[in-house]
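Engineer: Got a structure here, written out as structure tokens. Questions coming.
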Amino acid sequence: MRITDSQWFTLRKLHSLTGVFPVGVFLLEHFFTNSHAVQSGAAFDEAAAFLAGLPYVVLIEALGIWLPILFHMVLGIIIATQGDANVGRYRHARNWQYFLQRLTGVLLVFFIVYHTWSTRFNDEAMAAPSLFDWMSGHLAHPGVFAFYVVGVLSACWHFGNGLFGFAIHWGLVTGRRAQRWTARAGVAVFVALALVGLNALLAFRGSAVRLFEKGHPASSVAAQQGTGGQH
């Protein structure tokens, strides 16, 4: 069955919408939960246990997370194979941003599959007394840690820059000046989320920076552990 132009337009709008809600909201929640690792392993385990114990958690995950991600992922692959980034033809920043949006989308397909398979569907991880300790051991491998860094940066860029596409597709910004500032705001979101996400990763290796916490000046977790600091 051939998809009409109007149907394709609707699918593109739904694609941008799901990238913000619920997929983008889930990303923010995921980063917030992982940031508990900056406080301590026990805080992270407690946050993870709270989410796992929510009522109807399987239904919430299936309908609110996995189906939207699958829809966004499949349609995103179709869009990526049809677009033309024009990076070599023009030198405009938006062409590079569009190219990076496609590239990070492809990288995220591999990262999400690996991350989900190695954690959510890993009996060893699910049965571990401490998920924090298991993740710390998992990320101790330099190759795995590097892959997670790429995955986190890809997710941050894809969401931050995707906010610009969402605003365009839904007619929230129309003027050139407004679009320019929206694009800059998307880059700012990318930077902020990248700092949060990378700091959470570092927490699993004992070297996160603790900021904006009551009673904890800016310092590393490793340094506090070395001086007998309480977490």
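Engineer: Do any residues in region 115-131 that are among the charged types (D, E, K, R) have Cβ atoms under 8 Å from those of residues that are surrounded by 10 or more Cβ atoms within 10 Å (Cβ to Cβ), where the two are at least six apart or on different chains, and which pairs are they?
Structural biologist: Arg120/Met126; Glu124/Trp134
Engineer: Next question. Can you name the residue in region 144-180 that is modelled with pLDDT under 95, out of contact with any helix residue (DSSP H, G or I) (no Cβ under 9 Å at 6 or more places or on another chain) and in a helix (DSSP H, G or I) and is also nearest to Tyr98 (Cα to Cα) among such residues?
Structural biologist: Taking the candidates together, the pick is Arg180.
Engineer: Output the helices (runs of 4 or more DSSP H) that fall wholly within region 1-86 and possess 3 or more residues being of a type in the set (Phe, Trp, Tyr) and within 26 Å of Thr104 (Cβ to Cβ), or say none.
Structural biologist: Fully inside region 1-86 and qualifying: 23-34.
Engineer: Oh, and also: Which numbered condition trips up Arg205, out of (1) part of a helix (DSSP H, G or I); (2) modelled with pLDDT of 95 or more; (3) out of contact with any Ser or Thr (no Cβ under 6 Å at 6 or more places or on another chain)?
Structural biologist: Of everything listed in (1) part of a helix (DSSP H, G or I); (2) modelled with pLDDT of 95 or more; (3) out of contact with any Ser or Thr (no Cβ under 6 Å at 6 or more places or on another chain), Arg205 misses just condition (1).
Engineer: On to the next question. How do the pairs read when you match residues in region 30-54 that are among the aliphatic types (A, V, I, L, M) with residues anywhere that are buried (at least 18 other Cβ atoms within 10 Å of the Cβ) and not in a helix (DSSP H, G or I), using Cβ under 8 Å and keeping only pairs 6 or more apart or on different chains?
Structural biologist: Pairs found: Ala37/Phe204; Ala37/Ala208; Val38/Ala208; Val38/Arg210.
Engineer: Does region 43-83 hold any residues that are surrounded by fewer than 13 Cβ atoms within 10 Å (Cβ to Cβ) and either of a type in the set (Gly, Ala, Ser) or in contact with a Phe, Trp or Tyr (Cβ under 9 Å, 6 or more places away or on another chain) (or both), and which are they?
Structural biologist: If the condition is that a residue be surrounded by fewer than 13 Cβ atoms within 10 Å (Cβ to Cβ) and either of a type in the set (Gly, Ala, Ser) or in contact with a Phe, Trp or Tyr (Cβ under 9 Å, 6 or more places away or on another chain) (or both), then Ala49, Ala52, Gly53, Ala62, Gly83 are the ones that fit.
The values are calculated or read from the model by the stated rules, or taken from the named source; none is laboratory data. A quick note: this is a predicted structure, and the numbers were derived from the prediction, not measured. Reconstructed Cβ throughout: ideal geometry from the backbone, glycine too, with neighbour counts over all protein chains shown.
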